[in-house]
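Each reported figure results from applying straightforward, stated rules to the coordinates on display, with no laboratory input. These figures come from a predicted structure and were not determined experimentally. Please note: Cβ atoms are built from the backbone with ideal geometry, for glycine as well, and neighbour counts cover all protein chains shown.
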Amino acid sequence: MTKKATERTNFAEWVTAIGVDADQVKAAWQELQRRGLVSARRGKVTLSPLAMRRATSDVQRRLAAHLSGYLLTENAFIVRRAGDPPGLPCILSTRIAVEQIASYFKEGWGVTEIERDLSILTREEIEAAIQYYLNHREEIERDRQHSRALYEAHATKRQTMLA
Amino acid sequence: MSEETPALETLFARLLCDVMIPAELSAAIRAQGYDVAEARALPVEIQQDDHAILRAAAQQRRVVVICNYSDPQSNFCLMHEAWRAQGKKYAGIILIAQYQISSRLGRWEVRDRLLNFLNQRTADELSNQLWWLPQE
């Protein structure tokens, strides 16, 4: 990013959101820009939909996720959608919830099996979701129970034959 | 039959399985003669966006099969209400329980229940409706 572009975009806010020093954020921006994944014109940032998946470091990943409007967690692969209330933790750019990977993990699925089952995920992403689950067991278990209860409350017990 | 898209009118539903539905499950439904597309094959900008998924499904007259009903910010129950309020048309949404498809055995029961469900309803009956896959 040129000095001017840095001034026009909300650079200080990015640094705060990402939680690393300004030089690292600047280097991440420059690398994403060099690879054509982000651009800034008159203070307006444009982001490729591939930016999050093609990021090659955690800082790049976090920057791309922040610029896409996600709320970051301590894990660069795990984000929430912004809003009130915010979304549940999910794997960056996939719409697959940590809760689902936790269910696989608890059922005894290995990372390779999960990777084969949900082929849009990489090994790194699956491991990140499992790690997030292990660090936030109570929260994710609550999410799992909540979605189970919702399903059981709404889904009819039996298939009804049509007349 | 609509003049614009005659090829898309079918008696039974065509499906779009979202990215969290295992490929094995989509293949099992396809093996029973259903036309099943998978969101993983769509462009990445569509895969990342709930509204884009529902729009793509609506354009292709496909019922979306998905597990996202409990996330307040990625919620097809809320989208169904919003789309209905705006009078937007789509082919239907079927919600299935995520915890059942991540079970090695449970997913085959889901397949059977989904097939029972689809075999008993026409595409017309499913359209513009939100369905929770019955538990038995």
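Starting from the Cα of A:ALA12, step 7 Å along the direction of its Cβ; do the same at A:LEU150; then give the gap between the two resulting points in nm.
Rounded to a tenth, the inter-label distance reads 3.9 nm.
Return the distance in nm (one decimal) between the two label points of a simple spin-label model at B:LYS88 and B:THR10, each offset 7 Å from Cα along Cα→Cβ.
2.3 nm
Which whole-Hz ³J(HN,Hα) couplings does region B:9-21 yield from phi under the Karplus relation 6.51 cos²θ - 1.76 cosθ + 1.60, θ = phi - 60°, glycine and proline marked x?
Using θ = phi - 60°, the values come out as 7, 10, 5, 9, 5, 9, 10, 10, 7, 6, 5, 8, 8 Hz.
So what is the relative contact order of region B:6-132, in percent, for Cα pairs below 8 Å that sit 6 or more residues apart? Can you show the working numbers first?
On the way: 181 pairs, mean separation 38.1, N = 127.
Relative contact order here is 30 percent.
Whole Å is fine, so just give me how far the alpha carbon centre of region B:44-82 lies from that of region A:33-77.
So the two Cα centres are separated by 23 Å.
Filter chain A for me: DSSP H helices, axial length by Cα at least 27 angstrom, mean Kyte-Doolittle hydropathy not below -0.5. List them by residue number. Walk me through the numbers before you get to the answer.
On the way: long enough: none.
Both cut-offs are met by no helix.
Under a crude label model (7 Å from the Cα following the beta-carbon direction), how far is A:GLU139 from A:ASP21 in nanometres?
The two pseudo-label positions are separated by 2.8 nm.
Could you tally up the Lys pairs in the protein assembly as shown with alpha carbons closer than 29 Å? Skip any pair fewer than 8 positions apart unless they're on separate chains. Please list the in-between numbers first.
Numbers: A:LYS3/A:LYS26; A:LYS3/A:LYS44; A:LYS4/A:LYS26; A:LYS4/A:LYS44; A:LYS26/A:LYS44; A:LYS106/A:LYS157; A:LYS157/B:LYS89.
Step by step, the pairs that qualify in the protein assembly as shown add up to 7.
What is the set of long-range amide H partners of B:LEU16 at a cut-off below 5 Å, with H atoms built 1.01 Å from backbone N?
B:ALA37, B:VAL63, B:VAL64, B:VAL65
Given the DSSP H assignment, sum -39500 (n - 2.57) over each helix run of at least 4 residues in the protein assembly as shown and divide by its residue total; what's the result at 222 nm in deg cm²/dmol, nearest 500?
Values: 16 runs with 142 residues, N = 299.
Per the formula, -13500 deg cm²/dmol.
Could you grab the relative contact order for chain A? Cα pairs under 8 Å, six or more apart, rounded to a whole percent.
On the way: 175 pairs, mean separation 21.9, N = 163.
That works out to 13 percent.
In region A:31-113, what trypsin sites (Lys or Arg not before Pro) fall in a loop by DSSP, with at most 15 other Cβ atoms inside 10 Å? Spell out each step's value before the answer.
Working: sites: A:ARG34, A:ARG35, A:ARG41, A:ARG42, A:LYS44, A:ARG53, A:ARG54, A:ARG61, A:ARG62, A:ARG80, A:ARG81, A:ARG95, A:LYS106; in loops: A:ARG35, A:ARG42, A:ARG95.
The qualifying sites are A:ARG35, A:ARG42.
Normalising by the residue count of region A:75-158, find the relative contact order in percent from Cα pairs under 8 Å and 6+ residues apart.
Details: 71 pairs, mean separation 23.1, N = 84.
It rounds to 27 percent for region A:75-158.
If each residue's Cβ is checked for other Cβ atoms within 10 Å, how do A:VAL111, A:VAL20 rank with the fewest at the top?
Numbers: A:VAL111 19, A:VAL20 15.
Fewest-to-most Cβ neighbours within 10 Å comes out as A:VAL20, A:VAL111.
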